[in-house]
1. Taking beta carbons within 10 Å but only from partner chains, what does the mean come to for residues A:262-275?
2. What's the total accessible area buried between chains B and A, using a 1.4 Å probe, rounded to the nearest 100 Å²?
3. For the range D:230-297, which GluC sites (Glu not before Pro) are in a loop by DSSP, counting at most 15 other Cβ atoms within 10 Å?
4. Rounded to the nearest Å, what's the spacing between the alpha carbon centres of the range B:176-205 and the range A:209-282? Just the number, please.
5. Could you compute the longest span of chain B free of trypsin sites (Lys or Arg not before Pro) located in DSSP loops and having at most 15 other Cβ atoms within 10 Å, not counting the site residues?
6. Please average, across the residues of A:156-166, the number of beta carbons from any other chain that are within 10 Å of each residue's own beta carbon, and give a whole number.
7. Among C:Pro307, C:Pro182, C:Pro216, whose mean-square fluctuation peaks in a Gaussian network model of chain C (Cα, cutoff 10 Å)?
8. Would you mind computing, in nm to one decimal, how far apart the modelled labels at A:Glu100 and D:Lys313 are, each placed 7 Å from Cα along Cα→Cβ?
Number of protein chains: 4
Amino acid sequence: MAGSTFGTVFQISTWGESHGKGIGVVIDGCPSGIPLTEADIQKELDRRRPGQNRYTTARAENDQVEILSGVFDGITTGTPISLLVRNQDQRSRDYGSIAELYRPGHADHGYDEKYGIRDYRGGGRSSGRETIGRVAAGAVAQKLLKELGISVKAYVSSIGPVAIDRDAIDFSFIEESPVRMPDPAASERALAWLEDCIRSQDSSGGAVECIVEKLPAGLGEPCFDKLDANLAKALMSIGAVKAVEIGDGTAVRYAKGSENNDTYQESEDGIPYKASNHSGGILGGISDGSPLFLRCSFKPTPSIAQPQSMLGKDGKCHVETIHGRHDPIIVARAVPVVEAMTAITLADHLLLAMTSQMAYVKKIWGVTFTAQL
Amino acid sequence: MAGSTFGTVFQISTWGESHGKGIGVVIDGCPSGIPLTEADIQKELDRRRPGQNRYTTARAENDQVEILSGVFDGITTGTPISLLVRNQDQRSRDYGSIAELYRPGHADHGYDEKYGIRDYRGGGRSSGRETIGRVAAGAVAQKLLKELGISVKAYVSSIGPVAIDRDAIDFSFIEESPVRMPDPAASERALAWLEDCIRSQDSSGGAVECIVEKLPAGLGEPCFDKLDANLAKALMSIGAVKAVEIGDGTAVRYAKGSENNDTYQESEDGIPYKASNHSGGILGGISDGSPLFLRCSFKPTPSIAQPQSMLGKDGKCHVETIHGRHDPIIVARAVPVVEAMTAITLADHLLLAMTSQMAYVKKIWGVTFTAQL
Amino acid sequence: MAGSTFGTVFQISTWGESHGKGIGVVIDGCPSGIPLTEADIQKELDRRRPGQNRYTTARAENDQVEILSGVFDGITTGTPISLLVRNQDQRSRDYGSIAELYRPGHADHGYDEKYGIRDYRGGGRSSGRETIGRVAAGAVAQKLLKELGISVKAYVSSIGPVAIDRDAIDFSFIEESPVRMPDPAASERALAWLEDCIRSQDSSGGAVECIVEKLPAGLGEPCFDKLDANLAKALMSIGAVKAVEIGDGTAVRYAKGSENNDTYQESEDGIPYKASNHSGGILGGISDGSPLFLRCSFKPTPSIAQPQSMLGKDGKCHVETIHGRHDPIIVARAVPVVEAMTAITLADHLLLAMTSQMAYVKKIWGVTFTAQL
Amino acid sequence: MAGSTFGTVFQISTWGESHGKGIGVVIDGCPSGIPLTEADIQKELDRRRPGQNRYTTARAENDQVEILSGVFDGITTGTPISLLVRNQDQRSRDYGSIAELYRPGHADHGYDEKYGIRDYRGGGRSSGRETIGRVAAGAVAQKLLKELGISVKAYVSSIGPVAIDRDAIDFSFIEESPVRMPDPAASERALAWLEDCIRSQDSSGGAVECIVEKLPAGLGEPCFDKLDANLAKALMSIGAVKAVEIGDGTAVRYAKGSENNDTYQESEDGIPYKASNHSGGILGGISDGSPLFLRCSFKPTPSIAQPQSMLGKDGKCHVETIHGRHDPIIVARAVPVVEAMTAITLADHLLLAMTSQMAYVKKIWGVTFTAQL
């Protein structure tokens, strides 16, 4: 079944395997009139690229994007935007026993169960390289959001036992930190923890948080395309994410109503405001005008250099070691992916919500109505 | 925008407001040939009905379902199944100041921002009564799953500070417990905690877990309609849910790869099995043949009997008390809702995955191919 | 598979069988703020009702609509609008041999082939009564169009050998004519032709044309959701329609480019206009600002009182007569159905096209942007 | 709005402009296990390529397809299949006044009205080159159909005043005829007619018919995704198509029920069969087991070398001549496009209909059900 398309009005379709010809995405439904260059997209792709430091894989990936359609004279035309990133390394080489084995924690077995065939080279479609399409499309969504003054910012909030200190957050440090933590001290401790993981041929889980500011109230389409529901889908669809939280997230189960309700207060000037933001900016599935706040928990990279007991296509178990260099942690590289999926979902909802009221419909068609030809 | 439809092949569309004429759902895409009676659906509706004990609202709701279409001689025909539950209480009455106020923690303000108009009677479309459509459709999905031997069971795992003891779980106790906890001792403690909440005119959050057994491997449509992604959407769309976790959920961020990977082992008879289920039955977005395990965190009921500072349509804050009887906890009544949304998502994925392989296509069309007329 | 939903933003889902409990439709995505009463819908349902004269069936159908949701104080709220029409005649009665026979020209055999079961009472889901849901939803779409000054008008252009004279068209006569022909003389001849058909226990085909005025240019979403493509689907989905034509329709295959091109001319006042409308108001799948013009060809009612050779479930042929009173012609009653499907498609496209340009997006979100709470 | 995606389960998304970097399509939902090579696709692209004779444009187009994903070792894997055709001629050149003028019969004006910007080079997205994506995807759909023994064959049935003689049809002549007519004598006359058109700097309309054999009964999803409804959309979405007919098409409006009903008869061996096929293989929106028959009417190429009065962006009319070589007829090149859209629609419906019956669901999941891991 077609499952590689996301969104209703701002709609993306990704394709591509890790060691095939390339990876790409078609963005359909992007409004016309938005300035867009390959540099806008390349900037985000470079942020997800591995090999930036020793905590990410040493594979040489030099992912150059090409805009194939939908942009004319540097401006989106409203037609589908096709983006292509060629894979560099498509050499035929020895994939050893990987074709015959199902790695623990990976989708190998599921793909063979589902499709009866699997492009096992580098994980095929279930590779982390699949996120290239998401990040490229996210860069386009970000351009749309910027036109409305909306900002989307993600960062790593925890790695293994190391969490950021909320009183020490410095967002300007995110891109300074090799692990994208907005807290220099926590970043240091996380690096030490990752050294331990590398030494013990292991990997570590972590969490990414995302904040969206200047989001208008009124986004979200109850009862199923609620804003939080679609964000949950968008984020849970990222490989390795096992939990999505909005606002206070799992902590709400310990809270009382009197604590969790965000009461309204008036400022000295008589302007009403929410005195707290336990809701994370969404109530009843609709944005409430406060900043959006969400968190994704990523499982540790399943590819570790220790020998593990794996299932074989022969139905037997085999203790084997997965060769190659792997990320001991993926949350740092996942930051632009979380931003991308958030931005794509918001772009879609901004367009979806344009049809909520007849007053809006008249605002468009009353003005653009041309003389009958 | 149309947001009241969920699913691709097994597709539900709900409608209805709390104090309108009724609540209902249209289920389109349910295969023909499944036995279905009103009693099958009524049984589940009765489980979500309030007024069962003092921990749920005392409102008299007597929700009787009527099958309007799609069933002939007690068997589904493959055409849309329309289900209707008339609202009992549509008396015009005094809604007091609620029309002019936005309650904290509620969708009131969002609806007015989005639509410019709101059916404020009893919460309108954002009322908990909206889940009647979900539960009714879920009962139909459950019938489909039962035909394949798949079982879906949810229960309350925690209420406020009280959590079940995993070593003391007794699933046969779920419906015995007034709060649907599968642990008699925890259930007792939770009741005491709720007494405290009631006394202090407050409410409590909690969590619902769900286990699905006998689910075949191979369900899920990467990269966006992954099984966990669609479950996350389905569950986050339930009012009051603020977090969705699959398998180990948020705990994965503290784990190492060597701990989180579910390695394969061989039984004494040489049958391979997963030695653990940290994945919760889903790897790479595809079911892996293990039991599915998920958890939803519900925020405390926002309607509490304490005076709170609310935003008025006049742009001013007003300290008011919300009258009426309200649930101090919603997780107990949410159990059948979580089961319903899980069952609906699984029914859809079972149908979606039927087209994965050309071998499956031939299995259907090779057999049913009739002579050319 | 779910096939009973039509539209993307303005989305309708119909349900119901001829002799089940009722027929209905859920309209999701209708903008808030449109005045809507049951009378608005009843008016259109009365136009499709049979028994108005001897050329339509004598069955007593008294189809009363009930608005179950989505309207508050006479105004649409933006939530799903559920409409219900109870079937009057659900008596269990003798359906004779119809359960065992597949009538020529009917969907009986197809339903049994597809679903393995069929509600054979009165045609079940394939009955003409299914159009009640379309007409009811169309009435809502018409209300939306009227807010923008767009009018949709259909009429019968031919019945058997009798066609209207285009120089004699009088639209004010449509509802005067028992066969909804806007040409009194042709209407008379058509009635005589239908008398012949009744006498010979036969039925007649015919055509319905539809004109839409004041439609803005710019509607249609290439390359697949073009305006003409979606209209073609909408209209071909009406039972008995075997051809859909836009503008000059099938005549274009005989035309030369110099004849078919609608050249632009300037009026005396220097206002440009299309000197002709061979395009029927759509070029390249996008409305061009001229009136929309389309035509549907309806096959003759397959239910005729003559004995016919039918296929039995026993695999044998049986010569039988279909009892009951049947319409010798359906085009007259199909007029409101064609209007409804046209209006629904246009309402959807008016909403779809609101997101075409970033300038439109800013027009909505720039104005409604509220202060951050 | 996203309008460049077609299909529900077998889903295609096309992109690309005439003079941009290239044209392509992503096919999502194609089952795994189908042999597929670039040659399979190239063969069909070569059939739609211009420059084959003097009746098609002399432009040098050498459209080479590249499979970028979804195929491994020559077999589809079930993941998205991305196909790319690079445009050869992207030289910046003088587009003269075309950027400032709206050509009669073209989408130029509609695109500017809709999007406020238009890639005017060679028609941009509204160019006939857009059909490359359709034909490439259609080649994949054809491979799927062939696995089930279903054949799709289209041909030109008329060009201007010249129609094929139905008693003289010779399908083996289709590819012999420069205008793809299956009647040598008609083909000759059509060529003479086209010479006339060329001499008078004009173009001609025509019709394409399509026959599908060995299609199983039971395809089509009432009441909106009926097989004929989705075919009508698929075909009307092809540029220049102004009418779609199924079976007897527009002729049904002149027919009586006794003539139009396809009665069932028994062969000498007692096998039932339809004695005629006025229905064109579809009854009630569901395939009836007879051959599918449909017809599309194409308007004459709007690009003609005569001076015409055109609308300018300046709001004035200008008499100008469109330069460049253009097809005097497009139906010959449209034959593979009609086959493609028909095949894509049928592939989708074959997959959609797999979920109609619980018996089918059990057939798949009863067999593939693996041991719980």
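The values are calculated or read from the model by the stated rules, or taken from the named source; none is laboratory data. Since we're looking at a predicted model, the values are computed, not measured. Glycine also receives a Cβ, built like all others from the backbone with ideal geometry; neighbour counts cover every protein chain displayed. These accessible areas exclude ligands, DNA and RNA; they are computed on the full protein's heavy atoms, side chains included. Shrake-Rupley method; radii C 1.70, N 1.55, O 1.52, S 1.80 Å.
1. Numbers: counts 4, 9, 14, 3, 5, 0, 0, 0, 3, 3, 12, 5, 5, 4.
That works out to 5 on average.
2. When B and A are taken together, about 8400 Å² of accessible area is lost.
3. On the way: sites: D:Glu245, D:Glu259, D:Glu266, D:Glu268; in loops: D:Glu268.
Here the GluC sites (Glu not before Pro) that fit, given the DSSP loop and packing criteria, are D:Glu268.
4. 26
5. Working: sites that count: B:Arg54, B:Arg91, B:Arg93, B:Lys214, B:Lys313, B:Lys316, B:Arg325.
After excluding every exposed loop site, the longest remaining stretch is B:94-213.
6. Working: counts 0, 1, 3, 2, 4, 2, 1, 2, 0, 0, 0.
Mean inter-chain Cβ contacts per residue within 10 Å come to 1.
7. Of C:Pro307, C:Pro182, C:Pro216, the most mobile in the Gaussian network model is C:Pro307.
8. Those two pseudo-labels are separated by 6.5 nm.
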